[in-house]
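Colleague: Here it is, the structure in full.
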Amino acid sequence: MTVKSLLPGRLGLGTAPLGSMFRDVSTEEAAATVDAAWDHGIRYFDTAPFYGAGLSEIRLGDALAGRPRDGYVLSTKVGRVILDEVEDPAGRELGEKGGLFEHGRPNKMVDEWTADATLRSIEDSLRRLRTDRLDIVWVHDVAQDFHGDEWLSVYESARTGAFRVLQRLRDEGVIKAWGLGVNRVEPLELTLDLDEPKPDAFLLAGRYTLLDHDRALQRLLPTAVDQGVDLVVGGPYSSGILAGGTHFEYQEAPAHIIEKVQRIKELAERHGISVKAAALQFALAHPATAAVIPGATRPSRIAEDVAALGETIPAAFWTELRDAGLVSPQAPLPTA
């Protein structure tokens with residue numbers, strides 16, 4: 001089964017913000033956001049133990065508890081085991097993502113991609129999510145942004161541990177699909193070069209957006225299409241800067257990015273469209289893309305995302321965007 005055929009629509013909900021990413025999100029606000037997604041017809045939800053040390057999974061599980069399990073698709077991730085002992089969330093060493101979830105739970109997180117840790121992580125996630133099964137499992141963050149020069153040894157640990165366990169679970173029908181969930185292109189390129197195991201899809205965050213797509217277009221996406229490996233696009237708003245926020249790559253946006261966003265915004269305004277619409281529809285235009293999963297912690301954002309997906313964007317906007325050098329000449333555009 002391809003992930004494209006498994007997913008119930010082209011718009012899902014990324015739930016990293018439910019783990020109190022960037023700010024202290026209340027339980028009520030988190031529940032209302034999931035309810036709003038459901039009310040707008042969204043039936044694919046993605047989470048991870050990393051998001052607030054289990055907080056996102058707990059909140060998502062609570063919000064979905066009364067829904068029919070066959071009525072939605074659920075994905076989470078492996079690579080971090082959440083312990084009962086506590087630590088200071090603000091003091092965690094998270095590579096380029098320091099302080100991202102300092103408002104989450106204080107439970108200690110251990111990075112581990114072995115076979116045993118993978119099975120334990122899945123068991124723990126099932127409990128937090130209050131469900132008996134997962135549809136898709138992603139191997140989380142085996143990339144440079146978290147591990148620097150050590151990333152290849154981390155990747156190798158996952159290849160011989162988590163990859164093989166997840167392939168076996170898929171072959172046994174315990175899960176429907178597996179892949180990698182990362183913020184960098186290189187681990188995905190490596191994985192496509194393997195003879196086995198073979199993933200079904202990738203969740204790539206921040207690397208196939210209006211602001212950052214050149215590298216993904218070079219080798220990753222053409223090879224993924226050739227091999228029938230689908231792409232779920234995470235972070236289509238580049239951490240918020242394309243949705244009116246100030247963050248890019250989980251940090252305050254630098255001047256050159258702010259300037260580029262301003263140029264896109266002016267062009268969008270001239271054509272009477274929203275930047276959100278351009279961002280979502282651009283990411284979905286590539287033949288590899290199965291879905292986009294923007295995150296949200298306010299119910300109103302869900303309505304905006306749904307409206308953005310359905311917005312009509314004139315062909316002239318895309319032509320001008322390309323002529324201005326704001327998108328790659330290689331990027332498939334929605335009207336091309």
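The values are calculated or read from the model by the stated rules, or taken from the named source; none is laboratory data. Worth saying up front: this structure is predicted, and the values here are computed from it rather than measured. Glycine gets a Cβ as well: all are built from the backbone with ideal geometry, and neighbour counts include every protein chain shown. Only protein heavy atoms, including side chains, enter the accessible area calculation; ligands, DNA and RNA are left aside. Shrake-Rupley method; radii C 1.70, N 1.55, O 1.52, S 1.80 Å.
Colleague: If r is the Cβ-Cβ distance from LEU190 to ASP39 and R0 is 35 Å, what FRET efficiency results, to the nearest 0.05?
Modeller: Efficiency at R0 = 35 Å is approximately 0.30.
Colleague: Using a 1.4 Å probe and counting only protein heavy atoms, arrange PHE45, PHE248 so the residue with the most accessible area comes first.
Modeller: Largest to smallest exposure gives the sequence PHE248, PHE45.
Colleague: While we're here: Just subtract the alpha-carbon distance of ARG133 and SER300 from 0.36 nm times their residue separation and send over the number in nm, one decimal.
Modeller: Residue separation times 0.36 nm, minus the Cα-Cα distance, leaves 57.1 nm.
Colleague: Take the alpha carbon gyration tensor of the stretch 64-167, find the square roots of its eigenvalues, order them as a ≥ b ≥ c, and report rounded if a/c is under 1.5; if not, report prolate when a/b exceeds b/c, else oblate.
Modeller: Judged from the Cα gyration tensor, the stretch 64-167 comes out oblate (a/c at least 1.5, b/c at or above a/b).
Colleague: Residue-wise, which Karplus ³J(HN,Hα) couplings in Hz belong to the stretch 159-175, taking 6.51 cos²θ - 1.76 cosθ + 1.60, θ = phi - 60°, and x for glycine or proline?
Modeller: Ordered by residue, 3J(HN,Hα) equals 4, 8, x, 4, 4, 5, 4, 5, 5, 5, 4, 5, 5, 7, x, 6, 10 Hz.
Colleague: At 1.4 Å probe radius, can you tell me the per residue accessible area of the stretch 3-324 in Å²?
Modeller: 39 Å²
Colleague: Which Rg and Dmax, in Å, describe the Cα atoms of the stretch 3-324?
Modeller: Values for the stretch 3-324 (Cα only, Rg and Dmax): 18.6, 56 Å.
Colleague: With Cβ to Cβ distances under 9 Å as the rule, what net charge do the other residues near VAL3 carry (K, R +1; D, E -1)?
Modeller: That sum, taken over residues with Cβ under 9 Å, equals 0.
Colleague: At most 10 other C-beta atoms within 10 Å and a DSSP loop state: those are the exposed GluC sites (Glu not before Pro) I care about. Give me the longest piece of the chain that has none.
Modeller: Here the longest run is 173-336.
Colleague: Between the alpha-carbon centers of the stretch 175-218 and the stretch 270-307, tell me the distance in whole angstrom.
Modeller: Measuring centre to centre over Cα atoms gives 20 Å.
Colleague: Along its principal axes, what span do the Cα atoms of the stretch 204-336 show, with the longest given first and each in whole Å?
Modeller: 36, 33, 30
Colleague: Return the distance in nm (one decimal) between the two label points of a simple spin-label model at GLU172 and LYS198, each offset 7 Å from Cα along Cα→Cβ.
Modeller: 2.2 nm
Colleague: Additional query: Taking the Cβ-Cβ separation of GLN262 and VAL110 as r and a Förster radius of 41 Å, what is the calculated FRET efficiency to the nearest 0.05?
Modeller: Computed FRET efficiency for GLN262 and VAL110 comes out at 0.45.
Colleague: Then there is this: For HIS103, HIS213, HIS147, give the ranking by accessible area with the largest first, probe 1.4 Å.
Modeller: Putting HIS103, HIS213, HIS147 in descending order of accessible area: HIS103, HIS147, HIS213.
Colleague: Any idea what angle helix 275-284 forms with the longest principal axis of the chain, computed on alpha-carbon atoms, 0 to 90 degrees, nearest 10?
Modeller: So the helix axis and the longest Cα principal axis differ by about 60 degrees.
Colleague: Please give the helix 27-39 orientation as an angle from the longest Cα principal axis of the chain, in degrees from 0 to 90, rounded to the nearest 10.
Modeller: 60 degrees
Colleague: How much of the accessible area of the chain, probe 1.4 Å, is carbon plus sulfur, in whole percent?
Modeller: 50 percent
Colleague: While we're looking at this one, here's another question. Please give the calculated 222 nm ellipticity per residue for the chain, where each DSSP H segment of at least 4 residues contributes -39500 (n - 2.57) and the sum is spread over every residue; nearest 500 deg cm²/dmol?
Modeller: The per-residue figure over the chain is -11000 deg cm²/dmol.
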